[in-house]
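Just below is one structure, and these are the notes that go with it.
The values are calculated or read from the model by the stated rules, or taken from the named source; none is laboratory data. Everything numeric here is computed off the predicted structure, so don't read it as measured data. Here the Cβ positions follow ideal geometry from the backbone for every residue, glycine too, while neighbour counts run over all protein chains shown. Heads up: the accessible areas ignore ligands, DNA and RNA and are worked out on the full protein's heavy atoms, side chains in. Shrake-Rupley method; radii C 1.70, N 1.55, O 1.52, S 1.80 Å.
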Amino acid sequence: GDGLITNVSLVLGVAGASAAGPAVRLAGVAGLLAGAFSMAAGELVSVRAQDELMRREIDVEAEELRREPEEEQRELAAMYEARGVPSDDAATVARILSADHAIALDTHTRLELGIDPDAVGSAGAAGASSFFSFALGALLPLLPWFFVSGTAAVVASIVIGALAALALGAVIGAFTGRGVARTAARQLAAAVVAAGVTFAVGTLFGAHGVG
C-alpha cells in the first residue's frame with residue numbers, strides 16, 4: 001500500500017509537470033528504489049531493536065530467577081491468583097513450575113513480561129519483506145511508462161493505481177472483517193487524494209516553468 005500510493009503520486013506528479021517518458025521513468029524508478037530501501041532499513045532496525053529489547057528483558061528475568069528464586073516463585077503464585085486460581089493451587093503450580101529454571105523463565109516471560117519467546121521476529125526477513133512489498137506496489141503505476149508515454153501512460157497509471165488500490169482495500173477488508181466495499185473505497189480515496197494533489201502541483205509547476 002505504501003509503495004503504491006507513494007509511487008502513483010510521484011509518477012503522476014512528475015507527469016503533471018512533464019509527460020516526457022524518460023523523466024517519469026527516472027523519477028518512478030528512483031522513488032521505487034529509495035522507498036523500498038528506506039522501508040527495508042527502517043523495518044530491519046525496528047525489528048532488531050525490538051528483538052534486542054526483548055532479549056534484554058528475558059536476560060534480566062533470568063538473572064532475577066537465579067538471585068531470588070523464592071521471591072520469583074511467590075511472584076508467580078501471585079500472578080496465578082490474580083487470574084482467579086485459588087491461593088493453595090496457585091502456590092502449588094508456582095512451586096512445580098519453579099523447580100525447572102527453563103520452565104520458570106518461560107512462564108515468567110509469558111505471564112510477567114507478556115513476551116512469547118518463540119515469536120521473536122527475524123530482522124532480515126522483515127526487511128526483505130518490506131523491500132519487496134514496497135517495490136511491488138511502487139512498480140504497478142510505473143509499468144505503463146516503459147511502453148508508452150504522454151496521456152496514454154498517465155491514464156494507464158491512473159487505472160492501474162485505482163484497480164490496485166481497490167484490490168488491496170478489498171483484501172484488507174476481507175481479512176479484518178470490516179467490509180470489502182468499505183475498505184476498498186477507503187484505500188481508493190487515499191490514493192486518489194494523494195495522487196490528485198501531487199498531479200495538480202506538478203501541473204502547476206510545469207505550467208509556470210518552475211524547475
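Considering only residues that are without any contact (Cβ under 8 Å) to a residue 40 or more places away in the chain and of a type in the set (S, T, Y), look in region 168-211 and name the one that is least open to solvent (accessible area, probe 1.4 Å). So, considering only residues that are without any contact (Cβ under 8 Å) to a residue 40 or more places away in the chain and of a type in the set (S, T, Y), the one least open to solvent (accessible area, probe 1.4 Å) is T183.
Residues in region 137-167 that are under 17 Å from L26 (Cα atoms), open to solvent by 50 Å² or more (accessible area, probe 1.4 Å) and of a type in the set (A, V, I, L, M): L139, L140, L143, V148. Only one of the numbered conditions (1) under 30 Å from R83 (Cα atoms); (2) surrounded by 16 or more Cβ atoms within 10 Å (Cβ to Cβ) is violated by I103, and that is (2).
Residues considered: A82, A20, A30. Of these, the only one that is open to solvent by 40 Å² or more (accessible area, probe 1.4 Å), over 30 Å from V193 (Cα atoms) and either within 22 Å of the chain's Cα centre (by Cα) or of a type in the set (A, V, I, L, M) (or both) is A82.
Looking for something open to solvent by less than 60 Å² (accessible area, probe 1.4 Å), free of Cβ contacts under 8 Å to residues at least 60 places away in the same chain and more than 19 Å from the chain's Cα centre (by Cα) - is there at least one such residue anywhere in region 118-136? No: region 118-136 contains no residue that is open to solvent by less than 60 Å² (accessible area, probe 1.4 Å), free of Cβ contacts under 8 Å to residues at least 60 places away in the same chain and more than 19 Å from the chain's Cα centre (by Cα). Just one of the listed residues (L65, L32) is within 30 Å of L113 (Cα to Cα), touching a residue at least 12 places away in the same chain (Cβ under 8 Å) and not hydroxyl-bearing (S, T, Y), and it is L65.
Residue check: E72 meets all listed conditions (1) open to solvent by 60 Å² or more (accessible area, probe 1.4 Å); (2) of a type in the set (D, E, K, R); (3) free of Cβ contacts under 8 Å to residues at least 40 places away in the same chain but one, namely (1). Scan region 176-185 for residues that are over 10 Å from L166 (Cβ atoms) and assigned to a helix (DSSP H, G or I) and the total you get is 2.
This table checks each residue for (1) more than 20 Å from V192 (Cα to Cα); (2) among the hydroxyl-bearing types (S, T, Y); (3) in contact with a Cys (Cβ under 6 Å, 6 or more places away or on another chain); (4) at pLDDT 85 or above.
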position: A123; (1), (2), (3), (4): yes, no, no, no
position: A128; (1), (2), (3), (4): yes, no, no, yes
position: G137; (1), (2), (3), (4): no, no, no, yes
position: V155; (1), (2), (3), (4): no, no, no, yes
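Among the residues making up region 19-66, a single one is within 24 Å of A164 (Cα to Cα) and of a type in the set (S, T, N, Q): S38.
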